[in-house]
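Below is one structure, written out as structure tokens, with a few remarks after it.
The values are calculated or read from the model by the stated rules, or taken from the named source; none is laboratory data. Please read all numbers here as calculations on a predicted model, not as lab measurements. Quick reminder, even Gly has a Cβ in these numbers, built from the backbone with ideal geometry, and neighbours come from all protein chains shown.
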Amino acid sequence: MSKKYIVTLLIISCCCFNVLAQSPIQLHQYPQRFFRYPLDLPPSTAGSFGELRGAHFHSGLDFKTNQTTGYPVYAAYDGYVSRLRIQFGGFGHAIYITHPNGYTTVYGHVKTFTPAMEKLIRDEQYKQQSFEVDFKLDPLQMLVCQGDVIAMSGNEGASAGPHLHFEIRDTQTEETVNPQLFGLTIPDKIPPAITSVGIYHLDGNPFSEKTPRQFLAVTGSNGSYRLAKPQILNLTGQIGFGLSTTDMTSVSPNHNGIYSCELKIDGKTVYTFAVERFAFDQTHAINAYIDYPELMKTRRWVQKCFILPGSKISLYPQSVNRGIITFNDGEVHDVDYVVKDVAGNTSTLTLKVKSGRVEANAQVFKAAGNLFHYDKVNEFNSDKVKVQVKPGNLYDDLNFTYAVLPRRPGAFSATYAIHNRFTPIHDNYDLWIKPDSSIGKFADKAVIVSTEGAMAVGTFQDGYIKAQPHTFGDFFIKIDTVPPTIVPANIKDGANLASAKGIYFRIGDNLSGIKTYMGKIDGKWVLMEWDFKTKVLRYSFNADIAPGKHIFELTVTDYKNNSKNFTATFTR
């Protein structure tokens, strides 16, 4: 019986396997000794699962490839190729393999695929007439066995250097799971490092940039840490704690993320964070986990050890009162941090806290402006601006503020301060700004721009420009009537390209961004690939272009439908 046939039987029957081994802070068990490493290199990572990235938790392991490309990438287990994806940024080139044990593995930033995959991708690109494609395959369309070469490692998409991004996802829920919990471990005997702790005086108020906070330096090594300035902390009322911490493995100098953190009061655990698994619609909640205002102000990464009420993410397996501690008994208490990596290496830090006494009647928070609730629809209206924030987009109640600021040169409205940039938004919100009457025929070219440089493409609606920004900040209206730019690198009218491997351009746009690009040779659509890093748009010659004279056409369009055309004849 062939191995491919056995794989087919496994897929059809969807067998379930026994699970072994359970981490101390782990809600689920995972199959062991099934998945192999996706590379035949000593396992070393540049990025850990769940580590802190800009606006998201890292969703896999970044396996190092000796700072180069072209290493064989292997199927981690038997299964079938269930999805192929090509995108401008992100993973660039990615393969998804679904396995009969209930999990799907993902391989990102690869350079090239197998010839069979390459053909499927090219066929789909020409069918959709798009470089970017994302499509699923039938279960029996492309079977693979554990150890089959499925790709060559690369540096495609939004990658900071050559490596293989590897994930294991729950096929049913599509949650991504820490691969090291399946036994794909990285040599590690180094405990996490703790560099500072944070103390937040909450006292019943929503968390914001105005929350009183203090940061204390930490010293120590080899898992044992203490305050750089030994002291008993005098704290009263509702207090939240935080810390700055990173981790390293034994085989890489990279500073990665921790696996878990527990906060204990007098030996009792009141808060737990563990990067076991999470859903992709939750990953932006990293901005609820970190001290987002502090990051915006100072670029300091502080991980809060208390949970905001609007944060819905599965990385908090346990807490008491969301990790917020009330000090009001006049006693001395031990506050212990227990920080671990996934290998179990542990670092600890103990704070001594002298609790004060507070009145039984705590002060009730009263908003100075408009009180927005994290779990309700919130609206604000003025004669020029409307704001609506739907439930699930705030992590805590908000004292919403608004102001009218001076007009900027070239703007078609005043500048409006829509709260401030120190409060994160989970997804987006609705913003309407009324333009000046002078906008006239340019209303359909209007965009809403922030003074920080963010841009939200707007639509004209009932006298307003409506957009859905992803951040609060200072916004105003501009118009985009300027078409994209096209700068040819190796072609001009009458060019001889007989020895050229392709045709190359640099394209760009000044405001709303490039929406589409389309290349044609002799009136027929051709595949053009836009590189995320170099921003070079290229067409690679193939056998379809016969010797002789041809006409090349390129049209680039932005999100406000301004278009730029380029046409040239060339000879092969």
So in region 231-249, with the set limited to residues that are touching a strand residue (DSSP E or B) at 6+ places or on another chain (Cβ under 7 Å) and surrounded by fewer than 13 Cβ atoms within 10 Å (Cβ to Cβ), which one is nearest to THR326 (Cα to Cα)? ASN234
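Considering region 534-560 alone, what residues qualify as being without any contact (Cβ under 8 Å) to a residue 24 or more places away in the chain and either under 27 Å from HIS109 (Cβ atoms) or within 38 Å of the chain's Cα centre (by Cα) (or both)?
If we filter region 534-560 for residues that are without any contact (Cβ under 8 Å) to a residue 24 or more places away in the chain, which is where we start, we get 534, 542-544, 549.
Within region 534-560, THR534, ASN542 meet the criteria.
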Residue under question is VAL338, and the condition is that it be within 28 Å of GLN180 (Cβ to Cβ) and not in a loop (DSSP other than H, G, I, E, B); does it hold? yes
Which members of region 31-71 meet the condition of being surrounded by fewer than 22 Cβ atoms within 10 Å (Cβ to Cβ) and among the aliphatic types (A, V, I, L, M)? LEU39, LEU41, ALA46, LEU52, ALA55
Among the residues of region 197-230, write down those that are under 27 Å from the mean Cα position of the chain (by Cα) and surrounded by fewer than 18 Cβ atoms within 10 Å (Cβ to Cβ). SER208, GLU209, LYS210, THR211
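Being in the same structural domain as ASP462 (by TED's automatic domain parsing) and at pLDDT 95 or above: is that true of LEU405 here? Break it down into steps so the answer makes sense when it comes.
On the way: in the same structural domain as ASP462 (by TED's automatic domain parsing): yes; at pLDDT 95 or above: yes.
When the stated conditions are applied, LEU405 passes them.
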Which of the strands (runs of 3 or more DSSP E) found entirely inside region 73-182 contain at least 1 residues meeting this: modelled with pLDDT under 95 and closer than 30 Å to LYS515 by Cα? none
Restricting to region 561-572, name every residue that is among the hydroxyl-bearing types (Ser, Thr, Tyr) and either assigned to a loop (DSSP other than H, G, I, E, B) or within 36 Å of the chain's Cα centre (by Cα) (or both). SER563
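Checking the structure you have, find out if any residue of region 186-207 is farther than 30 Å from LYS111 by Cβ and free of Cβ contacts under 8 Å to residues at least 40 places away in the same chain. Working first, answer last.
So in region 186-207, the residues farther than 30 Å from LYS111 by Cβ come out as 189-207.
This time we only want the ones that are free of Cβ contacts under 8 Å to residues at least 40 places away in the same chain, so: 201.
So far as region 186-207 goes, yes, one or more of its residues are farther than 30 Å from LYS111 by Cβ and free of Cβ contacts under 8 Å to residues at least 40 places away in the same chain.
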Among the residues of region 412-420, is there at least one that is assigned to a strand (DSSP E or B), touching a residue at least 12 places away in the same chain (Cβ under 8 Å), touching a Gly at 6+ places or on another chain (Cβ under 8 Å) and closer than 17 Å to TYR292 by Cβ? yes
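Any residue in region 456-463 that is of a type outside the set (Asp, Glu), at pLDDT 95 or above, assigned to a strand (DSSP E or B) and surrounded by 15 or more Cβ atoms within 10 Å (Cβ to Cβ)?
Of all residues in region 456-463, those of a type outside the set (Asp, Glu) come to 456-461, 463.
Checking the rest, the ones that are also at pLDDT 95 or above come to none.
No, region 456-463 has no match at all.
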Determine whether GLU529 is over 32 Å from the mean Cα position of the chain (by Cα), surrounded by 13 or more Cβ atoms within 10 Å (Cβ to Cβ) and acidic (Asp, Glu). no
Check on ALA279, among the small types (Gly, Ala, Ser), surrounded by fewer than 19 Cβ atoms within 10 Å (Cβ to Cβ) and either at pLDDT 95 or above or in the same structural domain as GLN318 (by TED's automatic domain parsing) (or both): yes
